[in-house]
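The values are calculated or read from the model by the stated rules, or taken from the named source; none is laboratory data. Note that the coordinates shown come from a computational prediction; the quantities given were computed from them, not determined experimentally. Quick reminder, even Gly has a Cβ in these numbers, built from the backbone with ideal geometry, and neighbours come from all protein chains shown. Ligands, DNA and RNA are excluded from the accessible area calculation, which covers all protein heavy atoms including side chains. Shrake-Rupley method; radii C 1.70, N 1.55, O 1.52, S 1.80 Å.
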Amino acid sequence: MNTVFALWKRGLKAFIRNRTGLIFSLIFPFFFVYVFGAIFKNDFIQNPIAYMLSGVIIATVFESSLNLASSTVDDMVSGFMKEVLVSPAKRIAVAVGQLLSAATVSTLQGILILFIGLFIGIKFTSWTTPLYILCSMISVGLVFSGVGLFLATKVRSGQTFQIVKTAITMPLTFISGAYIPLELLPDSLRYFAYINPMTYATAFFRMIVLEKTNLSTAELVREGLAIDINGFIVTPVMSFVIIIAIGLIFLILSTNSFVKTDFSRVNRSSNDASALWG
Amino acid sequence: MKSIIEVKNFTKKYGSFIAVNDISFSVEEGTIFAFLGPNGAGKSTTINTLCTIFEKTSGTLLINGKDVTTQKNEVRSTIGVVFQDSTLDSKMTIDENLKMHCVFYNIPKKEVEERIQFVLNLVDLLDERKRSVATLSGGMKRRVEIARGLIHYPKVLFLDEPTTGLDPQTRAHIWEYILKLQKERNITIFLTTHYMEEAEICNKIAIIDDGIIVAHDTPYALKKEFTKDNAYITTKNEFELEQLLAQYELKYIKKEGYYKVEAEKIDCLLQVLSLHKENISNIEIKKGTFNDVFLEITGKKIREEA
């Protein structure tokens, strides 16, 4: 338990200390809101700023939580994981600590953007909305921290990892409806969006932020909040269930994989053979 | 004396490659043990297996009577490890690094402060404790790691090349700390090093080559067995010296401008010197070094790892 808490605190400290990272993580979302909001003016959407912001917030939560992969790989390369490895600390506690800290950090980032968003276009009419938002940010954060941690345990080299990470994050965020409405995508990409978990996270989250919980299914589809896969409608609630299911799978996979991973494998030395035999 | 590390018939294979081949040795409690060997000899494999990171292929490895394979957690709490590369969390301060370590090792909360002060005092870093690790020099980082490795009061401290890449002054300091530890806290120290003069300070040395232990003894005994003292003689009359050396059956090698003569039969050498004294322009006796021991045993020059 102490280990979980200590690692959680460590993650938060690292987040707060990284000022530059913090500032840029706030600038980028608004840059996206401005650019994409201007490009994709959609007649069906009543409040384009709020529409874009909700997508940007959830994309930020997603990217930030997936970043656990990077920080875990950094910990392996810097040797910190080796220190964990020779200590009697329970590995499962280490995994849980890392997951919780990543989920917390990503939720905090989401809250910061949301807070600024309140001044430029997001309005809540019900006091339950912020609560729902918080819950969904935490769950999305946890889900993708799980994915991130899972990726990290599969890494063989710190350098190739950065490329792989970008190659995974970019399409997942851009083809999810968060920045670009799905109906504007070409068919082939739209099919990709259907298998992208982020699509469902975005749809669900957007419905909550825009307070469209009581719209009919047809209306939801028109506003891009429910996903129409060739006539089969995935409602936001179903989306949430899908996300949670994916999340559970990855949380189990990642903790399991984390417990078994040999962290001494990822070494800063370019020559892995010498790291192994030296 | 009680042996704290016991290794019996330890073998480690990577596929068909045998990294360590059936080695056995033991380390007595409270001593400094140096593990030497050229690169790729099986040093790190052995250390990593003892530290519970690698799995053995076969054999028994015990630390303080606990098996490193089946009683991992017991072993982990009895050992402190300082790896060759830094394993500090560079985003955090010295203090935070030590505190995190205390959490991992389940140190009671009320003892944490006292222990941090104790170990930092030991490595003279008490005044720097609030500094971020990223701002520390290489030598300071190593000291922090030694301090961290000690905070849970281990019985055995593993130091994988503790002084590699450090300047001579820092190296001397690190050794001061190591010797202090051994004396004051009776900690067993298991280390690897590339510096032969450092190996000489240790109580026992094992030299590993191609996965087997080729020598295991005190530095003094190894030196006696594997090195010879030599006399380096420069003479004005080479012919006469060669004749005398042959007459007294002294082995020698003629080098550019001097003769390297084995100084084992000291009485014969003295005879030769007194008979030849008018012609000697220079003489120097050199003691065998530990580098010679290493060369003699492994046939390889020890070299620094990249």
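Quick look at the values:
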item: Strands (runs of 3 or more DSSP E) contained entirely in the stretch B:170-227, each with at least 1 residues that are open to solvent by 10 Å² or more (accessible area, probe 1.4 Å); result: B:204-209, B:212-217
item: Residue list for the stretch A:141-179, restricted to those being of a type in the set (Ser, Thr, Tyr) and touching a Leu at 6+ places or on another chain (Cβ under 7 Å); result: A:145, A:169
item: Which listed residue is more than 14 Å from chain B (Cβ to nearest Cβ), open to solvent by less than 10 Å² (accessible area, probe 1.4 Å) and out of contact with any Ser or Thr (no Cβ under 7 Å at 6 or more places or on another chain), from A:84, A:164, A:73; result: A:73
item: Enumeration of residues in the stretch B:66-95 that are touching a Phe, Trp or Tyr at 6+ places or on another chain (Cβ under 8 Å) and at the interface with chain A (Cβ under 8 Å from one of its Cβ atoms); result: B:77, B:79, B:81, B:87, B:88, B:89
item: Where residue A:140 falls short, out of the listed (1) surrounded by 13 or more Cβ atoms within 10 Å (Cβ to Cβ); (2) in contact with an Asp or Glu (Cβ under 7 Å, 6 or more places away or on another chain); (3) β-branched (Val, Ile, Thr); result: (2)
item: Residue list for the stretch B:1-42, restricted to those being in contact with a Lys or Arg (Cβ under 8 Å, 6 or more places away or on another chain) and aromatic (Phe, Trp, Tyr); result: B:10, B:33, B:35
item: Tabulated pairs, the stretch B:38-60, first within 11 Å of chain A (Cβ to nearest Cβ) and free of Cβ contacts under 8 Å to residues at least 24 places away in the same chain, second in a helix (DSSP H, G or I) and of a type in the set (Ser, Thr, Tyr), C-beta under 8 angstrom, 6+ apart or interchain; result: B:40/A:274; B:48/A:264; B:53/A:264; B:55/B:49
item: Selection within the stretch B:96-120 - open to solvent by 10 Å² or more (accessible area, probe 1.4 Å) and within 12 Å of chain A (Cβ to nearest Cβ); result: B:96, B:99, B:100, B:103, B:105, B:106, B:107, B:108, B:109, B:112
item: Which numbered condition residue B:270 fails, given (1) at pLDDT 80 or above; (2) part of a loop (DSSP other than H, G, I, E, B); (3) open to solvent by 80 Å² or more (accessible area, probe 1.4 Å); result: (2)
item: Residue tally, condition in contact with a Phe, Trp or Tyr (Cβ under 8 Å, 6 or more places away or on another chain) and part of a strand (DSSP E or B), over the stretch B:232-254; result: 6
item: Residue in the stretch B:166-174 that is within 14 Å of chain A (Cβ to nearest Cβ), at pLDDT below 90 and under 26 Å from residue B:32 (Cα atoms) present; result: no
item: Of all residues making up the stretch B:118-142, the number that are without any contact (Cβ under 8 Å) to a residue 40 or more places away in the chain, of a type in the set (Ser, Thr, Tyr) and farther than 18 Å from residue B:177 by Cα; result: 1
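Let's see how each residue does on (1) closer than 20 Å to residue A:116 by Cβ; (2) crowded, with 20+ Cβ neighbours inside 10 Å; (3) away from every other protein chain (no Cβ under 14 Å):
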{"residue": "A:10", "(1), (2), (3)": "no, yes, no"}
{"residue": "A:16", "(1), (2), (3)": "yes, no, no"}
{"residue": "A:23", "(1), (2), (3)": "yes, no, yes"}
{"residue": "A:27", "(1), (2), (3)": "yes, no, yes"}
{"residue": "A:38", "(1), (2), (3)": "yes, no, yes"}
{"residue": "A:54", "(1), (2), (3)": "yes, yes, yes"}
{"residue": "A:59", "(1), (2), (3)": "yes, yes, yes"}
